[in-house]
Amino acid sequence: ERIYEENQRAMAKLAASVGAKFLTVLEPNRYGTQYTHGATDLDFVAREMDGHMPGLSGILPQGLRALGAAQAKLRAEGIETLDLSAVFKDKTGNIFTTSTAHLNAEGSRVVAERIAQVILSQIPVSQ
């Protein structure tokens with residue numbers, strides 16, 4: 001958590017030093033929320049995770065909660081954050097592909113649109 005915060009602060013400072021805006025995004029993750037509906041992708045990713053990295057699925061939820069808490073601290077410091085960890089909470093179809101955070105085209109579209117909404121809301125409209 002501390003390293004994540006320090007890295008995000010450093011990136012925000014670097015962006016500010018060249019007049020750029022900075023947005024830190026917490027991406028969707030298979031273990032980032034409790035899903036309302038089951039789907040085959042959730043089971044597939046869980047099996048893949050347990051097969052390739054035994055034990056990681058047991059600690060990921062805690063780690064992701066820590067990142068969410070870190071984002072709250074960063075937000076309190078004036079660093080813009082976007083938490084998409086639960087953006088697919090109510091999904092009914094498959095979104096995740098080969099790992100906990102790899103998304104299919106539909107999932108990538110949703111994430112891109114959410115990020116674009118934040119970015120575009122900061123751009124002044126020319127008159």
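Name the single residue that is nearest to the chain's Cα centre (by Cα) among those in region 98-111 being among the β-branched types (Val, Ile, Thr) and closer than 14 Å to HIS52 by Cβ. Going through the qualifying residues, I end up with THR100.
The rows are residues; the columns are (1) among the charged types (D, E, K, R); (2) in contact with a Lys or Arg (Cβ under 9 Å, 6 or more places away or on another chain).
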site: LYS73; (1), (2): yes, no
site: LEU82; (1), (2): no, yes
site: ASP90; (1), (2): yes, no
site: GLY93; (1), (2): no, no
site: PHE96; (1), (2): no, yes
site: GLY107; (1), (2): no, yes
site: ILE115; (1), (2): no, no
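Filtering region 91-117 to residues that are free of Cβ contacts under 8 Å to residues at least 60 places away in the same chain, part of a helix (DSSP H, G or I) and closer than 20 Å to PRO61 by Cβ leaves nothing.
Within region 6-22, being among the charged types (D, E, K, R) and over 16 Å from LEU82 (Cβ atoms) holds for GLU6, ARG9, LYS13. Just to verify a result, which residue in region 59-97, among those that are closer than 16 Å to VAL45 by Cα and hydrophobic (A, V, I, L, M, F, W, C), is surrounded by the most Cβ atoms within 10 Å (Cβ to Cβ)? The extreme case among them is PHE88. Just a yes or no: is a residue in region 27-46 at pLDDT below 95 and within 23 Å of LEU14 (Cα to Cα)? Yes: one or more hits.
Filter region 32-47 down to the residues that are hydroxyl-bearing (Ser, Thr, Tyr) and more than 20 Å from ALA105 (Cβ to Cβ) and list them by number.
The answer is THR33, THR36.
Selection within region 10-58: residues that are under 17 Å from the mean Cα position of the chain (by Cα) and open to solvent by 90 Å² or more (accessible area, probe 1.4 Å). The member of this set that is farthest from LEU120 (Cα to Cα) is GLN34.
The values are calculated or read from the model by the stated rules, or taken from the named source; none is laboratory data. Here the structure is a predicted model, which is why all the values come from computation and not from measurement. We place every Cβ from the backbone using ideal geometry, glycine too, and count neighbours over all the protein chains shown. Remember, those area values only see protein heavy atoms, side chains included, never the ligands or the DNA or RNA. Shrake-Rupley method; radii C 1.70, N 1.55, O 1.52, S 1.80 Å.
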